[in-house]
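Read through the structure below, which is laid out as structure tokens, and then see the notes.
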Amino acid sequence: MATKAEKIRAWELQMMSQKIRVLSNLSRGQTVTITEIGKSWLDHEPLYNKLSAAINYNSNLIHLPKDSEDYSYNAEQYEKAVNDFWKINAENFNEPCEKRPVY
């Protein structure tokens, strides 16, 4: 059974994944240029990297004993990845808030 912390992390990861929309909001016409696709990817790459890091740290947290040093390290790195994700999202896409959503 999942703990409350695991449920919150799963929700946070879901919220983060919904922000990565590499090919959305491109040309409204029938064609999309390589330049548009490349720019969209470059804008989203830092978000993808932070999401990927958060997923990896979350995976480690699920399997580590809570009283271990590794658990503390992975928890800190998870928090850093999530906070950095929302900060980058605000900077790259002019989102109104750079703080993570509250569960």
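Every read-out reported here was derived from the displayed coordinates using simple, explicitly stated rules and does not represent laboratory data. Fair warning: this is a prediction, and the values are worked out from it, not measured in the lab. Every residue, glycine among them, receives a Cβ derived from its backbone with ideal geometry; neighbour counts consider all protein chains shown.
Among the trypsin sites (Lys or Arg not before Pro) found in segment 36-93, those both in a DSSP coil and sparsely packed, with 11 or fewer other Cβ atoms within 10 Å of their Cβ, are LYS66.
With a simple spin-label model that places each label point 7 Å from the Cα along the Cα-to-Cβ direction, the separation between GLU36 and SER72 comes to 5.1 nm. Per the Debye formula on identical point scatterers at the alpha carbon atoms of segment 42-103, with no solvent, log10 I(q)/I(0) at q = 0.20, 0.29 Å⁻¹ is -0.75, -1.13.
Work out, step by step, the length gained on full extension between ALA90 and MET15: first 0.36 nm times the residue separation, then minus their alpha carbon distance; give nm to one decimal.
Values: separation 75, 0.36 × 75 = 27.00 nm, distance 1.41 nm.
In short, 25.6 nm is gained.
When the pairs LYS39/LYS80; LYS50/LYS80; LYS66/LYS99 are compared against a 19 Å limit on Cα-Cα distance, LYS39/LYS80; LYS66/LYS99 fall above it.
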